[in-house]
Amino acid sequence: MTRDLELKPSLAKPLGQYLVEAGIITAAQLETALEEQHQKEKCIGEILSARGWVKQETIEYVMKKIVLPEREIGEQKFLDETLFQPNNRFTTSPNIYLSPQKIVRFLLVSVLSVIFVCVLVQVSTYLVPGYPLQDTLVSLFNIDGEQTIPAFFSWSLLLFCAFLLGAIAYSKKIDREPYATHWTALAIIFFYLYIDEAIGIHERIGWIVRDKFNPSGFFYFAWTIPGSILTIICFLAFLRFMNSLPPKIKYLFLLSGGIYVGGALLVEMFNGYYKSLYGDRPMYYALTTVEEGMEMLGIVTFIYGLMTYISSSMKGIHLLVSIPAKKVKS
């Protein structure tokens, strides 16, 4: 059985056309806004709101109550007309529309479940030492390990982010829209983070920094030094790009980055300070659990922001998982 992950355009009208048909703006105002959109790197909704022609609340209401529902209807109609035709050589097959809410709900439950099991396994080693399969469970659910189930889950999330960013970058490049290079750069960064999470590149960099400078205290985990510098550089390099995003997407991106960096760097630094003083005590593993949990939650929030951006700001492009069934003999 094969699975195809596709990007398909929706047949729904663009936002501006809805606003003109509703009498909220005139055709001339829309034309002016579209010309400005080609000159400036902004979304049509931001331009209309900035000019005072439409309130931001009105745009959000139209998107939520009219545009997005009609796009979902158009997408379902597209599926009915293409995948379920009577002369289709395939039997009716299940198709899954990947909405942001469904994906994030599933991922949040998964994150909380993974963290719960990790905490349960860790606590059980202190309360019930020597129980059956203890070594196996600890090796599988060690939240501080590399080749473990929590690590696998984390780098899978990062890989999914890289895929979504790559899809957005490809669409932006095809349509010759602004900031295509920034989306591409983000896709590359997240693909690197995926590889780093899988094989621990940052830890190897930390060993090199430690051998050369012998840091201690908050920089006991020496990789946090170059990591902090690169984080600041990336933030400054993408500042203009962030300001070009719709307000809701900008907020979600900043929130996700704050959660992720707060765990990966700040909690890691406090954890390093604690370990340099007291070693591998239970508090160290508690802080590590907080760190890894914040990283996962930050990634999930970023995924929600990406999928929301795809649904609301990319002319109806959506993700569809199609699972073809067996062919029917003719």
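The values are calculated or read from the model by the stated rules, or taken from the named source; none is laboratory data. Please read all numbers here as calculations on a predicted model, not as lab measurements. Reconstructed Cβ throughout: ideal geometry from the backbone, glycine too, with neighbour counts over all protein chains shown. Please note that ligands, DNA and RNA were not included when accessible areas were found on the heavy atoms of the full protein model with its side chains. Shrake-Rupley method; radii C 1.70, N 1.55, O 1.52, S 1.80 Å.
Ignoring ligands and nucleic acids, what accessible area does T58 show with a 1.4 Å probe (Å², nearest 10)?
For T58, solvent-accessible area is about 50 Å².
Determine the distance separating the Cα centre of the range 114-187 from the Cα centre of the range 199-226; give it in Å without decimals.
22 Å
Which trypsin sites (Lys or Arg not before Pro) from the range 136-184 combine a DSSP loop assignment with at most 15 other Cβ atoms within 10 Å?
R176
Just need log10 I(q)/I(0) for the range 195-286 at q = 0.17 Å⁻¹, Debye formula, equal scatterers on the alpha-carbon atoms, no solvent, rounded to two decimals.
Per q value, in the given order, log10 I(q)/I(0) is -0.83.
Counting only the heavy atoms of the protein chains, how much of I208 is accessible to a 1.4 Å probe, in Å² to the nearest 10?
It works out to around 120 Å².
On a full-extension model of 0.36 nm per residue, what is the gain between T181 and E36, subtracting their alpha-carbon distance, rounded to one decimal in nm?
50.1 nm
What does the range 121-198 give for Rg and for Dmax, in Å, if only its C-alpha atoms count?
19.0, 61
For the range 118-170, what's the relative contact order in percent, using C-alpha pairs closer than 8 Å and at least 6 residues apart?
The normalised contact order for the range 118-170 reaches 24 percent.
Say the cut-off is 29 Å between C-alpha atoms; which of K40/K250; K212/K250; K248/K275; K13/K248 go over it?
In this structure, K212/K250; K248/K275 lie more than 29 Å apart at Cα.
Ranked from highest to lowest mean number of other Cβ atoms within 10 Å per residue, what is the order of the peptides 102-110, 191-199?
191-199, 102-110
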